[in-house]
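Structure first, then comments.
Bear in mind that the values in this text are calculations on the coordinates, not laboratory data. Bear in mind that the values here come from a model prediction, so they are computed numbers and not experimental data. Reconstructed Cβ throughout: ideal geometry from the backbone, glycine too, with neighbour counts over all protein chains shown.
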There are 2 protein chains.
Amino acid sequence: MKNKERPIGIFDSGLGGLTVFRELRALLPGENLIYFGDTARVPYGTKSAEAVIAFSKEITGYLLAKKIKLLIVACNTASSLALGAVRKISPVPVLGVIEPGAAAALKAVPRGGRVLVTGTTATVNSRAYSRALAGSGVRVTEKACPLFVPLAEEGWCSKPVAAAVAKEYLGPYRGKADALILGCTHYPLLKKVIARAIGPRTAIVDSAKAAALAARDGLAAAGLLSGATAGRSEFVVSDAPEKFSCLASRLLGIRTGKVKVKRF
Amino acid sequence: MKNKERPIGIFDSGLGGLTVFRELRALLPGENLIYFGDTARVPYGTKSAEAVIAFSKEITGYLLAKKIKLLIVACNTASSLALGAVRKISPVPVLGVIEPGAAAALKAVPRGGRVLVTGTTATVNSRAYSRALAGSGVRVTEKACPLFVPLAEEGWCSKPVAAAVAKEYLGPYRGKADALILGCTHYPLLKKVIARAIGPRTAIVDSAKAAALAARDGLAAAGLLSGATAGRSEFVVSDAPEKFSCLASRLLGIRTGKVKVKRF
């Protein structure tokens with residue numbers, strides 16, 4: 001297999017990384033993509049760094065064996081806690097979602113402006129976005145929103161309850177931020193209620209979209225973009241493949257075809 | 001170690017089984033109790049039967065090595081899906097929470113009455129409560145309420161959002177059931193908002209309390225109640241022991257002391 005034709009590996013704790021997959025598929029229709037969702041151990045955002053690192057290394061080993069040319073950690077929690085550990089064991093480039101998301105936020109915010117980072121408890125506790133934005137002259141506040149993931153997984157993205165939860169988390173920040181980072185790959189599914197809760201003067205920064213753009217730019221710079229016109233998509237999960245397939249279709253409009261199972 | 005002085009093993013996917021632990025500790029102050037929470041893989045309620053059975057068997061092996069005299073599966077999802085598999089490998093009696101909960105509901109409901117079972121998606125899909133209540137002359141409806149667990153784990157049990165979620169799930173059944181079974185060991189933490197959403201004519205049946213009573217009766221019948229006056233409590237989790245300890249105290253008023261970690 002030529003280097004250019006090798007697949008891109010993408011992983012997440014479950015379904016959320018499909019928002020990155022979707023952006024990537026739209027940007028790079030010729031690439032072969034392998035997506036892994038760790039549905040047996042989802043969610044990561046409430047678990048310890050030690051556990052998230054161990055899970056991420058196992059998945060990385062699995063994807064490396066598929067001869068990938070690039071690994072995208074399409075999970076903010078794993079990007080926050082395990083990126084260094086994954087890079088240590090990977091001979092191919094590893095891209096997380098934190099740095100692209102932080103860079104996209106800086107473009108949306110004036111110097112001295114205020115950025116609100118939303119994410120899981122683990123991502124917020126890691127302060128990875130604060131570190132990525134340090135020295136850039138913006139003020140950063142981080143807010144954990146742990147109910148957003150189960151709300152999205154329930155498919156309740158446009159129910160009144162979703163608006164109530166968003167108001168509970170974001171009400172105190174309404175009108176006070178120049179940009180809000182969707183610092184969890186599930187959150188783009190709730191973008192509308194989040195935007196409504198934070199108010200019209202705040203730009204919404206989608207780290208999933210930013211990561212997909214960074215992946216394209218990185219591959220182009222390395223001369224590794226595929227020359228094909230229609231790439232294959234492969235989906236692998238650690239549990240409940242039918243449910244994954246059903247939610248991918250219902251929440252994201254992605255038709256997975258048969259989803260494979262790899263248990264650890 | 002004499003048979004009577006052996007500990008009782010209790011396990012759950014995480015924190016919820018502590019509602020069973022709390023009832024048991026109050027009923028049987030002299031017993032030694034070992035609680036295992038599978039916090040690395042929580043929640044179980046959204047996962048496959050195959051995964052829940054594999055996890056339950058691993059934990060059972062761990063607790064059996066502690067020379068327990070009784071094993072309580074203090075998780076409705078694991079009781080629904082894995083009780084048979086656990087009983088096959090256990091030389092000591094195994095008690096789930098479904099049968100005690102179903103028996104308690106029958107006491108609260110007239111013949112021909114209606115029982116509403118609330119639980120996780122996995123518990124409801126298993127129809128374990130419907131099977132346990134079959135032939136008893138009551139009408140059974142089951143309703144999955146997957147957001148209740150993350151709401152409880154967030155400590156939002158008395159926030160307006162909890163009431164909104166309860167209304168979303170239970171509004172259609174308001175005033176229509178004679179009893180509602182709290183078919184998940186997390187749900188007693190949300191008992192107040194659940195009772196308000198379902199309305200005053202519905203009795204709330206707590207399967208955690210029913211399981212603790214069944215454990216006491218079973219041990220008494222077998223002559224295995226401890227003669228001691230003050231038993232020890234031991235807590236073991238598969239991830240994030242400090243968080244477990246903190247939530248046990250905040251949500252349930254249980255002081256765990258040092259929590260051990262056992263990773264699988």
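Using only side-chain charges placed at the Cβ, +1 for Lys and Arg and -1 for Asp and Glu, the dipole size of chain B relative to its Cα centre rounds to 320 debye.
Rg ratio for the stretch A:168-263: its Cα radius of gyration over 2.2 N^0.38 Å, N being its residue count, equals 1.42. Each peptide among B:17-28, B:220-231 gets the average number of other Cβ atoms lying within 10 Å of its residues, and from highest to lowest they stand as B:17-28, B:220-231. Packing around the peptides A:84-95, B:233-244, B:154-165, taken as the average count of other Cβ atoms within 10 Å per residue, puts them in this order, highest first: B:233-244, B:154-165, A:84-95. Computed from phi, the 3J(HN,Hα) profile of the stretch A:166-183 under the Karplus parametrisation 6.51, -1.76, 1.60 (θ = phi - 60°) reads 4, 5, 4, 6, 9, x, x, 9, 4, x, 9, 10, 7, 9, 10, 8, 7, x Hz, with x in place of Gly and Pro.
Normalised size of the stretch B:1-63, defined as Cα radius of gyration per 2.2 N^0.38 Å with N residues, equals 1.24. The distance from the alpha carbon centre of the stretch B:94-161 to that of the stretch A:1-32 is 41 Å, rounded to a whole number. Both radii were evaluated on the Cα set of the stretch A:98-208; the Rg over Rh quotient, with Rh as the Kirkwood radius, amounts to 0.94. Taking only the Cα atoms of the stretch A:43-112, the radius of gyration and Dmax are 13.7, 45 Å. The alpha-carbon positions of the protein assembly as shown define a convex hull whose volume is 150 Å³ per residue.
Within the shell of other residues whose beta carbon sits under 11 angstrom from the beta carbon of A:GLY257, the net charge comes to +3, with Lys and Arg scored +1 and Asp and Glu -1. Hey, how much of the P(r) for the stretch A:216-264 falls beyond 13 Å, as a percent of Cα pairs? For the stretch A:216-264, the share of Cα pairs beyond 13 Å comes to 66 percent. Axis angle, to the nearest 10 degrees, between helix B:18-27 and the longest C-alpha principal axis of chain B: 70 degrees. A:THR118 sits among other residues whose Cβ lies under 9 Å from its own Cβ, and their net charge, with Lys and Arg +1 and Asp and Glu -1, is 0.
Close amide H contacts of B:VAL261 (hydrogens built in the peptide plane, cut-off under 5 Å, sequence separation of 5 or more or a different chain): B:VAL237. Under 18 Å between alpha carbons, and skipping anything fewer than 8 positions from B:LYS262 in its own chain: which aspartates and glutamates qualify? Partners found: A:GLU50, B:ASP12, B:ASP38, B:GLU58, B:GLU234, B:ASP239, B:GLU242. Which links in A:LYS167/B:LYS192; B:LYS47/B:LYS243; B:LYS107/B:LYS176; A:LYS192/A:LYS243; A:LYS260/B:LYS69 stretch past 29 Å when you go from one Cα to the other? Those over the limit are A:LYS260/B:LYS69. Computed across the stretch B:1-125, the Kirkwood hydrodynamic radius from all distinct Cα-Cα pairs reaches 15.1 Å.
The three principal axes of the Cα atoms in chain B give end-to-end lengths of 52, 38, 37 Å, sorted in falling order.
Database remark: amide H of A:SER233 closer than 5 angstrom to the amide H of A:LEU33 (H placed geometrically; neighbours at sequence offset of 5 or more, or on other chains; Pro and chain starts carry no H).
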